[in-house]
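Novice: First, the structure itself, so that you have it in front of you.
The values are calculated or read from the model by the stated rules, or taken from the named source; none is laboratory data. Owing to the predicted nature of the structure, the values given are computational and were not obtained by experimental measurement. Neighbour counts run over all protein chains shown; Cβ positions are idealised from the backbone, glycine included. Only protein heavy atoms, including side chains, enter the accessible area calculation; ligands, DNA and RNA are left aside. Shrake-Rupley method; radii C 1.70, N 1.55, O 1.52, S 1.80 Å.
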Amino acid sequence: MILFDISTPKWVLFFYPIMKRLDELNKKYIVVSRGGEYSELNKLLDLYKIAYISIGEYGGASLEGKLKASIDRQIKLIEIIKRYNIKVVISGSVVDINRVAFGLGIKVINFNDIPMKDYKDKCESITPITRLTAPFSSVLFKPFMIKDEIFEKIGVCKDRIKTYNFIDPFIWLKDFKVDKEYIKKEIPQIDDKKPIIVVREEEFKASYVQNKYPFLYEVLGEIQNWDINLVIIPRYEAKELKERFKKAIVLEKAIILQNLLAKADLFIGGGGTINIEACYFGVPVISTRSFISHYDKFLIDKGLMWHSNEVKEIILLAKKLIKQNTKQKSKEVFSKMNVDIDMFIKELI
């Protein structure tokens, strides 16, 4: 039996095609997630009709809270592994399942597309999550723009590192069909006669993000007064954003966001996955992340993404980029990628 430990919405989408392939092969697996304050994850699992067991919570923004929640969750995971006779675990480098599986002598398959806090390959920039998971890997999968040497520095044998030829969201976007009526139904407030700017907060409670920076909220205060549709996708709670940005549309339920991104004229985001998705659809992206990852740098170099942490610069970029699109560049970049699901399946079974 295989166990998927899914920690964020991104991994729901990434592992979904792999699960479908396992279904075709009649291979059994279970899915575990986490609950608590980060309800977006379980809402997406429900949306995609994926059966799961919710175990433990995230522990909030404090290090002590995260540690206590992790220890509690590991104890619960031990019981799940014993109950279902798990032989292989797979995750996007989740500390809890890595520690438990290693301790019980179970094969660990990790995926990692963000091993560092920046793209400059300095050893001190390797994230705590990578340090706590990569060395446990029986197999470690990573995208092509990340060097093997990053993982080798912390003890991962080269023959355990496997490279795939795509940026992570491509695995679910390559076959995605845009439903042009979907957004009219789900977000009827959108005025089709006006440009659409979509905004996503940074995951400021993540272990690799140091602070909640206020500049994005200053930008929102300015652009909500433009003659546009401003759609905000909350990272955590929607209530505060609704009260602060009364002219914006703040999403409060899980929807198939790809349909919204395909319709957007500009995306401003402090995330990673959703920024890439917008790039895929040929939407200019302004990244407001507090750092630049390897895949951010790749997309910036290809002219699909811009990066800024300055209010005035972001506003100037937004005025310029909302009149452009990057569809042709996007097509050229993503047409060179390919997905081999069976490469992953081979290691799983």
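Novice: Could you count how many residues in segment 296-328 are touching a Lys or Arg at 6+ places or on another chain (Cβ under 9 Å), touching a residue at least 60 places away in the same chain (Cβ under 8 Å) and not in a helix (DSSP H, G or I)?
Specialist: Result for segment 296-328: 1.
Novice: What pairs come up if the first residue lies in segment 2-20 and is closer than 18 Å to G272 by Cβ, the second is of a type in the set (D, E, K, R) and open to solvent by less than 10 Å² (accessible area, probe 1.4 Å), and their beta carbons are under 6 Å apart, counting only those six or more places apart or on different chains?
Specialist: F14/D168
Novice: So which of K336, K331 is loosely packed, with under 13 Cβ neighbours inside 10 Å and in a helix (DSSP H, G or I)?
Specialist: Working: K336 fails: in a helix (DSSP H, G or I).
Just one listed residue meets the conditions, K331.
Novice: Scan segment 301-309 and give yes if some residue there is among the hydrophobic types (A, V, I, L, M, F, W, C), surrounded by 14 or more Cβ atoms within 10 Å (Cβ to Cβ), farther than 20 Å from T8 by Cβ and touching a Gly at 6+ places or on another chain (Cβ under 9 Å), otherwise no.
Specialist: Within segment 301-309, one or more residues are among the hydrophobic types (A, V, I, L, M, F, W, C), surrounded by 14 or more Cβ atoms within 10 Å (Cβ to Cβ), farther than 20 Å from T8 by Cβ and touching a Gly at 6+ places or on another chain (Cβ under 9 Å).
Novice: Can you confirm whether D121 is touching a residue at least 40 places away in the same chain (Cβ under 8 Å), assigned to a loop (DSSP other than H, G, I, E, B) and among the charged types (D, E, K, R)? Break it down into steps so the answer makes sense when it comes.
Specialist: Numbers: touching a residue at least 40 places away in the same chain (Cβ under 8 Å): no; assigned to a loop (DSSP other than H, G, I, E, B): yes; among the charged types (D, E, K, R): yes.
Answer is no for this residue.
Novice: Go through S287, S293 for me and flag whichever is open to solvent by less than 10 Å² (accessible area, probe 1.4 Å), under 24 Å from Q224 (Cβ atoms) and touching a residue at least 12 places away in the same chain (Cβ under 8 Å). Can you show your working first?
Specialist: On the way: S293 fails: under 24 Å from Q224 (Cβ atoms).
The unique qualifying residue is S287.
Novice: Look through segment 107-134, keep the residues that are of a type in the set (S, T, Y) and open to solvent by 10 Å² or more (accessible area, probe 1.4 Å), and return whichever of them is farthest from V89 (Cα to Cα). Steps first, please.
Specialist: The first filter runs over segment 107-134 and keeps only residues of a type in the set (S, T, Y), leaving 119, 125, 127, 130, 133.
Narrowing the set further to residues that are open to solvent by 10 Å² or more (accessible area, probe 1.4 Å) leaves 119, 125.
Details: Y119: 28, S125: 27 Å.
So the residue we want is Y119.
Novice: Out of all the residues in segment 63-79, is one or more polar (S, T, N, Q) and out of contact with any Asp or Glu (no Cβ under 6 Å at 6 or more places or on another chain)?
Specialist: Of segment 63-79, the ones polar (S, T, N, Q) are 70, 74.
The next check asks that each one be out of contact with any Asp or Glu (no Cβ under 6 Å at 6 or more places or on another chain); those that pass are none.
Looking through segment 63-79, none of the residues is polar (S, T, N, Q) and out of contact with any Asp or Glu (no Cβ under 6 Å at 6 or more places or on another chain).
Novice: Among the helices (runs of 4 or more DSSP H) lying completely within segment 163-254, list those that include at least 3 residues that are at pLDDT below 90 and surrounded by 14 or more Cβ atoms within 10 Å (Cβ to Cβ). If you could, list the steps in order and put the result at the bottom.
Specialist: On the way: elements: 170-173, 182-186, 215-223, 239-244.
Those helices (runs of 4 or more DSSP H) span 215-223, 239-244.
Novice: Return yes or no: is D159 open to solvent by 10 Å² or more (accessible area, probe 1.4 Å), among the acidic types (D, E) and farther than 23 Å from S7 by Cα? Give the derivation first.
Specialist: Details: open to solvent by 10 Å² or more (accessible area, probe 1.4 Å): yes; among the acidic types (D, E): yes; farther than 23 Å from S7 by Cα: yes.
When the stated conditions are applied, D159 passes them.
Novice: Okay, moving on. Test each condition in (1) at positive phi; (2) open to solvent by 20 Å² or more (accessible area, probe 1.4 Å); (3) among the small types (G, A, S) for G103 and report the one that comes out false.
Specialist: Result: G103 passes all but (1).
Novice: While we're on this one: Do you know which residues across segment 48-81 are more than 12 Å from V32 (Cα to Cα), open to solvent by less than 50 Å² (accessible area, probe 1.4 Å) and in a loop (DSSP other than H, G, I, E, B)?
Specialist: Within segment 48-81, Y58, G59, G60 meet the criteria.
Novice: Shifting gears a bit: If we keep just the residues of segment 4-47 that are of a type in the set (A, V, I, L, M) and open to solvent by 50 Å² or more (accessible area, probe 1.4 Å), which is farthest from I106 (Cα to Cα)? Spell out how you get there, then give the answer.
Specialist: As a first pass, look at segment 4-47 and keep what is of a type in the set (A, V, I, L, M): 6, 12-13, 18-19, 22, 25, 30-32, 41, 44-45, 47.
After this cut, where a residue has to be open to solvent by 50 Å² or more (accessible area, probe 1.4 Å) as well, the list is 25, 47.
On the way: L25: 22, L47: 30 Å.
Step by step, filter segment 4-47, then rank; the result is L47.
Residue-wise test of (1) aromatic (F, W, Y); (2) in contact with a strand residue (DSSP E or B) (Cβ under 7 Å, 6 or more places away or on another chain); (3) at pLDDT 95 or above.
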| residue | (1), (2), (3) |
| --- | --- |
| S91 | no, yes, yes |
| R99 | no, no, yes |
| I109 | no, yes, yes |
| N112 | no, yes, yes |
| D118 | no, no, no |
| S125 | no, yes, no |
| I129 | no, no, no |
| P143 | no, yes, yes |
